[in-house]
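What follows draws every value from the coordinates through simple rules; no lab data is involved. In this text the structure is predicted, and so the values were computed from the model without any measurement. Cβ coordinates were reconstructed from backbone atoms using ideal geometry, including for glycine residues, and neighbour counts include every protein chain displayed.
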Amino acid sequence: MRRLIILLSLPVLFSCSLWEYNDPSDPLANQPPETYLSLIATDTVYASIAEIDTLIDPGNGTEIMDTLWTYNFSGNPDTSMVWDTLDHAFTTITTSRQALHWWGEDPDGNVIGYYYRWSVDHEWSYTTKESGLFFVPIQTNLDVFSFEVKAMDGDSLVDGSPARLVLPIRNSPPQVSFRYRSNPFLVNIPGDTSFTFPTRTFVWDIYDQDGLGSVISVYYALDDTCDTCWTTLDAASYSSITLTEINPGRHTFYLMVEDIAGARSPIISFPDEQNIDEPNFWVVKPVRGSVLIVDDFPQDNNNVALSWYRTVLDTLLGTEAYSVWEVGNALPFSSTDITANLSYFTSVLWFSAYTQKETYLEASSSIYSYVMGGGNFFLDAPDLKDSTFTFFPLQSTDVLNPSGRLFPGRQLISEVRSDLDLEISQLIAIRVRSFIPDSSAFEELRGMYHMAEPQSGDTWTGTPTVASLGRFRLSPTTLSGKIVLMSLPIHNGIRPIMEGNGSAGKFITYLLTEEFGE
């Protein structure tokens, strides 16, 4: 007998509370991220308990510290974090410079950014970074600030409970210093005294650990630091001051700054007797006469060349009827002072070094401004650089003596009149140049001297120019002052060079009296 067997497959249901659980195939609900915050406590001020007192959390007005602390500023920075038992406040007092680090974790996605704010902020700021260096805007000697940060994930969900940190912060006093090289170094001036005319610019730099924005006032004084002697400047607007019409004589300049919390920097001064690299004295010279001699020849330690120029002007103008400026190895730091020094006078005779270290190129803009303002200027530049000067544009230059020797007896022919002809009386032992002015730059251009035809052993050809006079156009009816450039030395620091046919003093006299109108 055949049998038919039918197998039925039926579902079997089990129910037992012991085995109930969430089906892992069901997705989790979208979760907001969590945010974490840490602090690198640099520049910590060490604290110790002094007496019972209270500080208030700026975020919610609650007590965060139930003790008043004394502070030890002598220790090294403390990188540990000490927490008060009340609401996560540090019991150590830190400075306003805070390096904070944070991060976020999202169980179902990625954190894409963060919102943060300080207790002084009205709005949240957004960033994708996970650290920041902040300067908390403290306005009192000691205050409390809180910082909050909350993460945001890729679904724009934001942590509903921001990470929060409360920081007691002590104000840091500001510091001020004169800008590097804005005051002369002893090695750059003759002697131990800084001489200036009645204009002097002082330049400074301010530092405040609480941020430069916290420094609100600059105070300066001349010669006295009495309570009423200080002049106040807005720190945000001034990083320098130019004093004018300073009385002749010895002076001292004082400077300090103040922050928004009322803390002041130590007073600094120029001169500073503690600074062994700077002059011991600052003396303002009176302006005498309308002619200025500029000694730009630092190697001439005994001022032999300067004495020669003085002798010419003593005879022409009188011993107290002109002024002298010895530049040394460096010009004043501020071009304002250079321009002012020149502008006290209607005529300037500037002789530069026989063997380098001259500074006239650095003064180009001031010389140009002076001439454009109507001043008359003579420059003797034996070490003429192969470049185009702002104040006397050149088309080209050419070395007259490639061997570095230009022999006595060579003549400089005056293009004004024959009695001004000059002759080299001493060997010129440096390379010197002739030049061709850029005629397109001048409204008026006249030759003053050219070399005579070459003699045996000379390498130039023709009669190259070695001195010219130029003037610039200021307006349709007005020209600038006169500027004269001479590329052969008048003096080498030991003896005069142009004495073969009468002294070169006759040329200086002609310039001052007939060209410059002194």
Checklist line | Relative contact order (%) - criterion: Cα under 8 Å, at least six apart; region: the stretch 287-515 | finding: 21 percent
Note to self: What is the sum of charges, Lys and Arg at +1 and Asp and Glu at -1, for the other residues whose Cβ falls under 12 Å from the Cβ of Asp155?
What the structure shows: -3
Next item on the list: Express the relative contact order of the stretch 357-488 as a whole percentage, based on alpha carbon pairs under 8 Å and six or more residues apart in sequence.
Entry: 30 percent
Next item on the list: Positive end of the charge dipole of the stretch 376-518 (Lys, Arg +1 and Asp, Glu -1 on Cβ, about the Cα centre): tell me which of Ser440, Gly505, Ala381 has its Cα farthest that way.
Entry: Ala381
Item checked: Cα-centred dipole magnitude for the stretch 175-280, charges only on beta-carbon of K, R (+1) and D, E (-1), debye, nearest 20 -> 300 debye
Next item on the list: Please report how far the C-alpha centroid of the stretch 381-431 lies from that of the stretch 243-298, rounded to the nearest whole angstrom.
Entry: 39 Å
Next item on the list: Could you go through the stretch 172-183 in sequence order and give the Karplus-derived ³J(HN,Hα) for each residue, using 6.51 cos²θ - 1.76 cosθ + 1.60 with θ = phi - 60°, rounded to whole Hz, and x for Gly and Pro?
Entry: 9, x, x, 10, 9, 9, 5, 4, 4, 6, 6, 10
Next item on the list: Calculate, for Ile430 and Ser239, the FRET efficiency according to 1/(1 + (r/R0)^6) with r their C-beta to C-beta distance and R0 51 Å; round to the nearest 0.05.
Entry: 0.80
Margin query: Just to be sure I understand the model, the point goes 7 Å from the Cα along the line to the Cβ. What's the resulting Arg179 to Asn110 distance in nm?
Written below: 4.7 nm
Margin query: Per-residue counts of other Cβ atoms within 10 Å, averaged by peptide: what ranking do you get for 118-127, 334-343, highest first?
Written below: 334-343, 118-127
Check: Net charge near Thr359, counting Lys/Arg +1 and Asp/Glu -1 over other residues with Cβ under 11 Å of its Cβ?
Finding: -3
Check: Can you work out ³J(HN,Hα) from phi for every residue in the stretch 259-264, in order, using Karplus 6.51 cos²θ - 1.76 cosθ + 1.60 and θ = phi - 60°, giving whole Hz and x for Gly and Pro?
Finding: 9, 5, 8, x, 7, 10
